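> Handing you this structure, nothing more for now.
The values are calculated or read from the model by the stated rules, or taken from the named source; none is laboratory data. Fair warning: this is a prediction, and the values are worked out from it, not measured in the lab. FYI the Cβ positions are ideal-geometry reconstructions off the backbone, even for glycines, and counts take in every protein chain you see. Side chains are part of the model used for accessible areas, which takes the heavy atoms of the whole protein and leaves out ligands, DNA and RNA. Shrake-Rupley method; radii C 1.70, N 1.55, O 1.52, S 1.80 Å.
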Amino acid sequence: MLLTLAFTNGFQYAISQKVFNLWGHLRVQHFSPTRGGIAEESAMEKNDTILHILRSEPGVKTIQAFATKYAIVRSGEGIDYVQLKGVEKSYDFGNLQGFLKSGRWPHFADSGYSNEIVLSEYTAGQLRIKIGDKVVIYFIQSDGPPRVRPMIVCGLFKTGIEDYDKLIAIGDLRLIQRLNNWKPDQIGGYEVFVNDYRNVDEVNNRIYDQLPKEWGSNTTENIYPNIFDWLNLQNTTIGIVLIIMIVVATLNLVTCLIILVLERTRMIGILKALGTPNGSIQTIFLYQGSIITLFGIVLGNIFGLLICWLQQRYGFITLPEDAYFISKAVVRLEWWHFLLVNGGTFIICFLVLMIPTVIIRRMQPARAIQFR
């Protein structure tokens, strides 16, 4: 049960963190209830009032401006479409550093815009692009023909999440401003990172209540529900697995205790014939059963925690990244998971230990002594 919780929780955490690192925990944008989650953003001016609201929220860690724009990348080998995520010079690439496989992140000039772009390994492989290659990018315009920009590939990244690796590219926010005819202080929105991702809904609600009516905030989980809905299904799976484990373990323990009582039937009959109270005989079996229970709990904890430590240190359990989005199983065991498993196991075992006491009370000394 410890291993099941540790690996499932680690799996959910690792994948959700990949999404959060790429998009932040929540977004603050121009309020538009009819706009799709993956559509290009409406222009909004940087607002000191909004920044003050975000920075005054104790749960907020960092705030970063961004905008996105769809484009087509062309090389000598073919074409592919991407969604360019534009970021500022002050953007913290620390969250994305684990995704960078080769090259570097774009360099931002003091004036104008950077002509460097970071593509995914998937896109680069499809178009046979290498670091340092020049590519032609056609930016799709809603009010006219595409705008063409030659750009240099300065880095390649891989998230392991197919939907993002097939789509995302990273470049300069000022390029998107130029293409959209935005002012220098206009952006697509703010990415907000919180201190504890488990409190993101509470932080989002507090921010949303303070924002002006033309602004809105939403969690990344709501914007990209497909992955998170899939991850939440793991909770149902783990519940079913744990129930099966508990039922099987309980049946094994009951069988063990019944055999223990049957092997000592003559001893029980002799003790009863000598006048030993039922309570004293029950105490003997409760004591023996408790030893079995505690030994099993301790042994299970040692084995489970040892496997978790070995996996965390050496990562010997690997996974196909194309199917699971991660290349090795991730271990993450919460302290309350540990207490819940051990506490629940002890309570269930204690209740099961009462079964032999019922059998002992109903035994007749004469028949028990003759039992073979």
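Yes/no per residue for (1) modelled with pLDDT of 90 or more; (2) surrounded by 14 or more Cβ atoms within 10 Å (Cβ to Cβ); (3) touching a helix residue (DSSP H, G or I) at 6+ places or on another chain (Cβ under 6 Å):
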{"position": "Leu271", "(1), (2), (3)": "no, yes, yes"}
{"position": "Thr293", "(1), (2), (3)": "no, yes, yes"}
{"position": "Leu299", "(1), (2), (3)": "yes, no, no"}
{"position": "Gly304", "(1), (2), (3)": "yes, yes, yes"}
{"position": "Gln312", "(1), (2), (3)": "yes, yes, no"}
{"position": "Val330", "(1), (2), (3)": "yes, yes, yes"}
{"position": "Arg362", "(1), (2), (3)": "no, no, no"}
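> Okay, next question. Hey, does the stretch 140-154 have a residue that's assigned to a strand (DSSP E or B), under 34 Å from the mean Cα position of the chain (by Cα) and over 20 Å from Phe66 (Cβ atoms)?
yes
> Filter the stretch 67-111 for residues that are β-branched (Val, Ile, Thr) and touching a Ser or Thr at 6+ places or on another chain (Cβ under 7 Å); which is surrounded by the fewest Cβ atoms within 10 Å (Cβ to Cβ)?
Among residues in the stretch 67-111 that are β-branched (Val, Ile, Thr) and touching a Ser or Thr at 6+ places or on another chain (Cβ under 7 Å), the one surrounded by the fewest Cβ atoms within 10 Å (Cβ to Cβ) is Val82.
> Turning to a different aspect of this structure: Checking Arg372 against (1) at pLDDT below 90; (2) of a type in the set (Lys, Arg); (3) part of a helix (DSSP H, G or I), only one condition comes out false. Which one?
(3)
> Moving to a separate point now. Go through (1) without any contact (Cβ under 8 Å) to a residue 24 or more places away in the chain; (2) touching a helix residue (DSSP H, G or I) at 6+ places or on another chain (Cβ under 8 Å) for Gln97 and report which single condition fails.
Every listed condition holds for Gln97 apart from (2).
> I would also like to ask the following. Mind telling me which of the residues Ile72, Ile63, Ile129 ends up being more than 30 Å from Asn204 (Cβ to Cβ), part of a strand (DSSP E or B) and modelled with pLDDT under 95?
Ile72
> If you don't mind, another one. If you scan the stretch 312-361, which residues turn out to be within 30 Å of Asp165 (Cβ to Cβ) and not in a loop (DSSP other than H, G, I, E, B)?
Across the stretch 312-361, the qualifying residues are Gln312, Arg313, Tyr314, Thr318, Glu321, Asp322, Ala323, Tyr324, Lys328.
> Within the stretch 283-291, can one find any residue that is open to solvent by 80 Å² or more (accessible area, probe 1.4 Å), more than 15 Å from Ile355 (Cα to Cα), in a helix (DSSP H, G or I) and aromatic (Phe, Trp, Tyr)?
Within the stretch 283-291, none of the residues are open to solvent by 80 Å² or more (accessible area, probe 1.4 Å), more than 15 Å from Ile355 (Cα to Cα), in a helix (DSSP H, G or I) and aromatic (Phe, Trp, Tyr).
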